[in-house]
Structures are given as C-alpha cells and as structure tokens.
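**Q** Sharing a structure here in structure tokens format.
The values are calculated or read from the model by the stated rules, or taken from the named source; none is laboratory data. What you are looking at is a predicted structure, and each value in this text was computed from that prediction instead of being measured. Cβ sites come from the backbone with ideal geometry, for glycine too, and all protein chains shown count toward neighbours. Side chains included, ligands, DNA and RNA excluded: accessible areas come from the protein's heavy atoms. Shrake-Rupley method; radii C 1.70, N 1.55, O 1.52, S 1.80 Å.
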Amino acid sequence: MDKFIINGPCKIKGTIKLSGSKNASLPILAATILFDEPVEIKNLPNVKDISTMLDLIKSFGFIVKKNKTNNSVIIKKKKIKTFASYSLVKTMRAGILVLGPLLSKYKKAITSLPGGCLIGARPVNFHLNALAKLGMKHKIRKGYIYANAKKGLKGSRIKFPQISVGATENAILAATLAEGTTILKNCAIEPEIKLDLTNFLNKAGAKIKWTGKRSVEIKGVKKLKSVSYSIMSDRIECGTFCVVAAISKGELKINGLNPRIIRTEIKLLKKIGAKIKTYGETIFIKGPKKIKNIKFLETKEYDGFPTDLQAQFMALLCKAKGRSVIHEKIFENRFTHIGELKRLGAKISIIKNKAIITGNSDLEGAELMSSDLRASVALVIAAIASKGKSIINRIYHLDRGYESIENKLKKVGVKIKRLS
Ligand code: UD1
C-alpha cells in the first residue's frame, strides 16, 4: 500500500492549476447512460473514483474512449446490460447515481448497494423514495436493489425530507427522460448540481429550470442529443490548497475557479487572517503570520461551510491562536482524523458531533493512518505544518479524489515523497 513521507515544516510558494471536479464528474458520467448518441466529457480529474465510474459505465456495454492528453472521454452506446456489480460499486457511494438513469432509459436495473467513505451510515432511502415517486418498483435482496419501471417513469412532485446531494442528482437524472413534468423541492444546490449537471443536461436538450432557491422543474424530453462538455474545476481541491497556504504562511496563486463559488470559504480564510485577492478565475492567498481562531464553525449544505473541508480546517485551527469549535452537522462520524491529528500533538476533544480544538499546538511529525478521502488530506496539511518527518499510510483514500496531489504539492515547495 502506498504511503507519503512528508518533511515539515514546508515553505509554500507557487501556482496551482485546479483539476476538474470529482463530485461534478460523477453525476455527469452517470448521465451519459441517458444518451443514444456519443457524448464527450472533458476536464475529468484523473482520480480513482472517476476510473471506477468509467469502469461501471463500460460494464453496462458502453464504449469509453479515453484521451489522456486532455483528460477527456468519448462515451458511445453499444449493447446495454443494466446490472451494476458489487465489485464496482463497493468502493464508491456515487455508484447509486446510475440507478435513476438506468430506470429512466431502460426501465430496469439491478444495482449493488453502494460503499464509500466510512463517515456515517450513509443510507440511500431518499434516493429510493424519490425514484419510487417517479414510478420505480423495487426490492432489496442480498445487498442488491432490484428495480423496474415497466411503464416508464412519470413526472411527479417530490419534496425531499432532508437536503441530499446524491438524491437530488438521482432524481434530476431520472426525471430528465420521464414522461411529463417533475417538480423537486428542498433540493441540494451545490454548484456541481445547480450549475454543472444542469448546464450539461440542458446543453444536450433537457428542460431543467431552477424556479426557486431549492426548487427545480424538469420537463421530461424523449431523447438527448450528442454533446461535448467540460467539467467545472474542483472547489474542494481549491479550498484544500487555500488551507495549505494558510497553515504554512505560504503564498499561492490558484487558477481555474470562479471565486464566487467559494465565497463562504474565502470569508473564513480572511477571518483566520489570510490575505486574499481574486481576479477573474484566479485566487491569490497569503497565509497569516499568526492564525486567528474561529470560535464556532458548523458544516452546512451549500452555500454553507462544506463538510468536505471540515477536516482540512480542523488541521488549520490546531495552529490557531486560541480555541475553536467545529460542529459537524452533515455526517455523524466524520471525525476519524482527530485521533491521527493528536499523534502530531494536536489538542482536540470531542463532545458528540462537536470538536473542541485548543489551538496553539506545536505539531511534530509522526506516523499516521489515512481513514477517508478528506481526513487523509487533512493529515497531509498537518504534516506540512509539523516539525520533522511524517509517514502517512493508506493514501489510496487520497487517490480516490485528489489528482496528482504529491506533484502539485512538490511544485509549490512541499517535501513529499510517495513510497509504493
Ligand atoms: C455528496 C458528496 C460528498 C459530500 C456530501 C455532502 C459526491 C459524490 N459526494 O455525498 O463529497 O460530503 O455530498 O455535501 O458528490 N442521507 C440519508 N439518506 C439518503 C441520502 C443521504 O439519510 O438517501 C443523509 C446522509 O447520511 C448525510 C446527509 O443525508 O447525513 C447528506 O448526504 P448527501 O448530501 O446525500 O451526501 P452524498 O450525496 O452521499
């Protein structure tokens, strides 16, 4: 199993080019199931979750032609099977996103229940209830969902009981080719959905209109037309590199994202003392000499503070002057990084879903274990700010979602080495 060796503390300076967004790519790749004609997707990040999704799509009988020089694929339909196996879906929760499009287009699907990060129970009841409202019948047996919609899916009114990124995506994907109009309320409005998935499908001829902050109307169409589409940049990768600069008194120029998309994160980084300037799709960030604490920070659905940056900000706040509290409100078990941060000398205690970070910690390198995607990158960040050598084991978690992270970090001054 690969591991990282990091020698800190590191001086950070340079330019980062962001990769395509993993969380925007996954539903868009699932959406290609809806097409008869070829589709080109550009700017895909070269990460494990994307190759798993491409393998899944191939396993249905699509031909996937990769062009490695520009991170694009052309996906063409051939002979279709509607079975998503455990071996492909087990590592990636987004595997459930193929259920809506398979039902909508082919009226049946057998899909394994998904896997993913160990950050909570992560059920799929909102996905299944929304698809049932559109006409799906299903049974769950031995870890598989056996689903059909013999007469095809029909538009409906659905109000999600709780905001869910995946369930909103699955319902939009299913409704795109359903008969009649679907109205979805209390939707997730992450930019990967409200901007990228919507723009992609509408470019192909779908009729999706956001009618309110969390309401969307989808008029079903008979078919989608061939399209070429470039995925947006990864806002979580952007936030992660901002934290790298902030914790290390570093200076980074980060290219490729409209700063308005991460205005919450920018506000927080300014609050801890970072200097930030934005120009077009470029963000300049300079880390402060002394990091200020944040008294209370809670994770929230977009456009609140993202749970996918909670672990990274926790690493940052370990170095802040004074006490900070982070309340994790989206997932019930997303604190697996805390035990590992403590090995570096962090002082953090947990009360239910709140982490109390004492701050002022002099971190010292240690041997650590990655536990999930974002937790792993938080360990990398903390190791960058620690004195001496850190070894981070099981970095396959990182490879699920960060494209060439060690090369990007090396280029801006991190002393990092991968051992295979
Ligand atoms: C997506 C993101 C993930 C991010 C999360 C929250 C992708 C591929 N993943 O995950 O990076 O951390 O949004 O922003 O885009 N829930 C249920 N029943 C369901 C669905 C969800 O109870 O059927 C609960 C979850 O357990 C969780 C909350 O709802 O507590 C939000 O989850 P959701 O927004 O669905 O996250 P994902 O789509 O899995």
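**Q** What accessible area per residue, rounded to a whole number of Å², is obtained for segment 22-230 using a probe radius of 1.4 Å? Provide the component values of the computation, followed by the final result.
**A** Numbers: 8980 Å² over 209 residues.
Heavy-atom accessible area per residue stands at 43 Å².
**Q** Under 8 Å for C-alpha pairs, at least 6 residues apart: give me the relative contact order for the chain, rounded to a whole percent. Let's see the in-between values first.
**A** Details: 1030 pairs, mean separation 90.4, N = 420.
RCO, the chain: 22 percent.
**Q** Let me ask another. When a/c is below 1.5 the answer is rounded, else prolate if a/b is larger than b/c, else oblate, so apply that to segment 243-365 with a ≥ b ≥ c taken from the square roots of the Cα gyration tensor eigenvalues. Don't jump to the answer; show the numbers that get you there.
**A** Values: a/c = 2.08, a/b = 1.34, b/c = 1.55.
Here segment 243-365 falls in the oblate category.
**Q** While we're looking at this one, here's another question. Given the -39500 (n - 2.57) contribution per DSSP H run of 4+ residues, what per-residue ellipticity at 222 nm results for the chain, rounded to the nearest 500 deg cm²/dmol? Write down the numbers at each step before the final one.
**A** Working: 14 runs with 123 residues, N = 420.
Rounded to the nearest 500, it is -8000 deg cm²/dmol.
**Q** How large is ³J(HN,Hα) for each residue in segment 287-298, as worked out from phi by the Karplus curve 6.51 cos²θ - 1.76 cosθ + 1.60 (θ = phi - 60°), to whole Hz, x for Gly and Pro?
**A** x, x, 5, 10, 7, 7, 7, 10, 4, 8, 9, 10
**Q** Over segment 199-240, calculate the relative contact order: mean separation of alpha carbon pairs under 8 Å at least 6 apart, over the residue count, as a percent. Could you put the intermediate results ahead of the total?
**A** Numbers: 32 pairs, mean separation 13.6, N = 42.
In percent, rounded to a whole number, it is 32.
**Q** Does segment 22-230 come out rounded, prolate or oblate, given a ≥ b ≥ c as the square roots of the eigenvalues of its C-alpha gyration tensor, rounded meaning a/c under 1.5 and, failing that, prolate meaning a/b above b/c? Let's see the in-between values first.
**A** Values: a/c = 1.29, a/b = 1.12, b/c = 1.16.
Rounded, because the longest to shortest axis ratio a/c is under 1.5.
**Q** Then there is this: Just to confirm the filter: which trypsin sites (Lys or Arg not before Pro) across segment 171-249 are DSSP coil and have at most 15 other Cβ within 10 angstrom of their Cβ?
**A** Details: sites: 185, 194, 203, 207, 209, 213, 214, 219, 222, 223, 225, 235, 249; in loops: 213, 214, 222, 223, 225, 249.
Passing both the DSSP loop test and the Cβ count: 213, 222, 223, 225.
**Q** Evaluate the relative contact order of segment 22-230 (contact order divided by residue number), counting alpha-carbon pairs under 8 angstrom at least 6 apart; express in whole percent. Don't jump to the answer; show the numbers that get you there.
**A** On the way: 453 pairs, mean separation 43.7, N = 209.
Contact order relative to length: 21 percent.
**Q** Which of the three applies to segment 1-65, rounded, prolate or oblate, going by the alpha-carbon gyration tensor with a ≥ b ≥ c and a/c under 1.5 meaning rounded?
**A** Working: a/c = 4.02, a/b = 2.19, b/c = 1.84.
It comes out prolate by the Cα gyration axes.
**Q** At a probe size of 1.4 Å, how large is the accessible area of residue 60, to the nearest 10 Å²?
**A** Approximately 0 Å² for this residue.
**Q** For the chain, with all protein chains present and a 1.4 Å probe, just round the carbon and sulfur fraction of the accessible area to a whole percent. Numbers along the way, then the final one.
**A** Details: 9160 of 17900 Å².
Carbon-and-sulfur percentage of accessible area, whole number: 51.
**Q** If you don't mind, there's one more thing I want to ask. Assuming a viscosity of 1.567 mPa s and a temperature of 4 °C, what translational diffusion coefficient in µm² per second does Stokes-Einstein assign to the chain, Rh being the Kirkwood radius over Cα pairs?
**A** Details: Rh = 21.9 Å.
The estimated diffusion coefficient comes to 59 µm²/s.
**Q** Still on this structure, I have one more. Considering only DSSP beta bridges where both residues belong to segment 22-230, give the percentage that are antiparallel (nearest 5). Can you show the working numbers first?
**A** Working: 28 of 38 bridges.
Rounded to the nearest five, the antiparallel share is 75 percent.
**Q** With a 10 Å cut-off between alpha carbons and a GNM built on the chain, which of 151, 387, 286 moves the most?
**A** 151
**Q** Right, another one. Residue 16's amide H: which non-local residues (gap 5+, or another chain) put their own amide H closer than 5 Å, with H modeled 1.01 Å from N in plane and none for Pro or chain starts?
**A** Correct list: 253, 254, 255.
**Q** Using a 1.4 Å probe and counting only protein heavy atoms, arrange 217, 251 so the residue with the most accessible area comes first.
**A** Working: 217 50, 251 75 Å².
Most to least solvent-accessible, the answer reads 251, 217.
**Q** Mind putting a number on the dipole of segment 22-230 about its Cα centre? Charges go on the C-beta only, +1 for Lys and Arg and -1 for Asp and Glu, and I need it in Debye to the nearest 20.
**A** Working: 39 positive and 11 negative charges, 141 e Å.
Dipole of segment 22-230, to the nearest 20 debye: 680 debye.
**Q** Follow-up. In the structure displayed, which of 209/253; 90/389; 271/300; 48/417 lie more than 27 Å apart, Cα to Cα? List each step's numbers first, then the result.
**A** Numbers: 209/253 35 Å; 90/389 34 Å; 271/300 18 Å; 48/417 19 Å.
Long pairs (Cα-Cα over 27 Å): 209/253; 90/389.
**Q** Nothing charged except the Cβ atoms of Lys and Arg (+1) and of Asp and Glu (-1): what's the magnitude of the dipole of the chain about its Cα centre? Round to the nearest 20 debye.
**A** 400
**Q** Given 111, 70, 162, which one lies farthest toward the positive end of the charge dipole of segment 47-178, if we put +1 on the Cβ of every Lys and Arg and -1 on the Cβ of every Asp and Glu?
**A** Positive-most Cα among the choices belongs to 111.
**Q** Further question on the same structure: Cα centroid distance between segment 35-67 and segment 84-107, in Å?
**A** Here the answer is 14 Å between Cα centres.
**Q** For the chain, set up a Gaussian network in which alpha carbons nearer than 10 Å are linked by springs, and say which option among 339, 95, 280 fluctuates the most.
**A** Largest GNM mean-square fluctuation: 280.
**Q** Read phi for every residue in segment 146-161 and hand back ³J(HN,Hα) as whole Hz from Karplus 6.51 cos²θ - 1.76 cosθ + 1.60, θ = phi - 60°, with x for Gly and Pro.
**A** 9, 10, 8, 9, 3, 8, x, 7, 10, x, 7, 9, 10, 10, 5, x
**Q** So how do 91, 111 rank on accessible area, 1.4 Å probe, biggest first, that is with the largest at the start? Each step should come with its number before you reach the end.
**A** On the way: 91 65, 111 0 Å².
Per-residue accessible area, sorted high to low, gives 91, 111.
**Q** Using amide H atoms built in the peptide plane, which far-off residues or other-chain residues are under 5 Å from residue 145 H to H?
**A** When sequence neighbours closer than 5 places are left aside, the close amide H contacts are 111, 112, 113.
**Q** Structure shown: which of 267/329; 58/225; 65/154; 79/108; 133/194; 78/105 lie over 24 Å apart, alpha-carbon to alpha-carbon? Could the numbers behind the result be given before it?
**A** On the way: 267/329 20 Å; 58/225 20 Å; 65/154 33 Å; 79/108 15 Å; 133/194 22 Å; 78/105 14 Å.
Over 24 Å Cα-Cα: 65/154.
**Q** Also, I was wondering about something else. Please identify, among 135, 239, 143, the residue showing maximal mean-square fluctuation in a Gaussian network model of the chain using a 10 angstrom Cα cutoff.
**A** 143
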